[in-house]
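Trainee: One structure is given below, represented as structure tokens, and several questions about it will come after.
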């Protein structure tokens, strides 16, 4: 076990965020230290005020079956964006993500999965192989997108926004698979949860519930 820092980023509907740092225990995956950072937003938050360009809703991405998709189609919903992999120690989190989706989909949550081979070469498969894997192993129903780079010189525009154009407590390079970004219904990034934070974690679930659109 090695020590890692957990940062809790708080946003308000009127202004700035404050970060709290707490020590936590982390595990290593394929020799890489995994940080455990979680961010939550208080009740009533409708948009992040961390940075002026932290809106992801205008990006266009590609679905796992090769079709273009504008994230603006998800306007008005809470989004949980996750960079995924099929051969990672965190891969079982697919089950928890599906459980979240099943529980909150009707209330306006969309889980968006972006496979990436950036970390430990743990997503080597083709789109067809990824689809077969998530369907057979986890019965995934939430949207899956084409493989992209979540870090590095070829980082996808979406992840460039997520990691470079967000504010303190959210901004920063993705370091491993299953990093989670929470987006409010206006398309602004309001929270970040590091890989160790399970989909069923109380802080993550609470943050999602506060971001759900009004009934």
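Here, each number is a calculation from the coordinates, and none is a lab measurement. What you are looking at is a predicted structure, and each value in this text was computed from that prediction instead of being measured. So basically every Cβ, Gly included, is an ideal-geometry build from the backbone, and we count neighbours across all protein chains shown.
Trainee: Taking square-rooted eigenvalues a ≥ b ≥ c of the alpha carbon gyration tensor, is segment 76-215 rounded, prolate or oblate, where a/c under 1.5 means rounded and, failing that, a/b exceeding b/c means prolate?
Mentor: The shape class here is oblate.
Trainee: Expected output is a single nm value to one decimal: the length gained when fully extending between residue 173 and residue 58, i.e. 0.36 nm times separation in residues minus the C-alpha distance. What is it?
Mentor: Residue separation times 0.36 nm, minus the Cα-Cα distance, leaves 39.3 nm.
Trainee: I need the peptides 122-129, 159-166 ranked by packing, meaning the mean over residues of other C-beta atoms within 10 angstrom, with the highest value on top.
Mentor: So the order, starting with the most tightly packed, is 159-166, 122-129.
Trainee: Over the Cα atoms of segment 157-198, what is the Rg over Rh ratio if Rh follows Kirkwood?
Mentor: 0.93
Trainee: While we're looking at this one, here's another question. Rounded if a/c is under 1.5, else prolate if a/b is larger than b/c, else oblate: which is segment 55-147, with a ≥ b ≥ c the root eigenvalues of its Cα gyration tensor?
Mentor: oblate
Trainee: Next question, about the same structure. Once each part is reduced to its C-alpha centroid, what is the distance from segment 53-122 to segment 133-183 in angstrom?
Mentor: Value for the Cα centre distance between the two parts: 7 Å.
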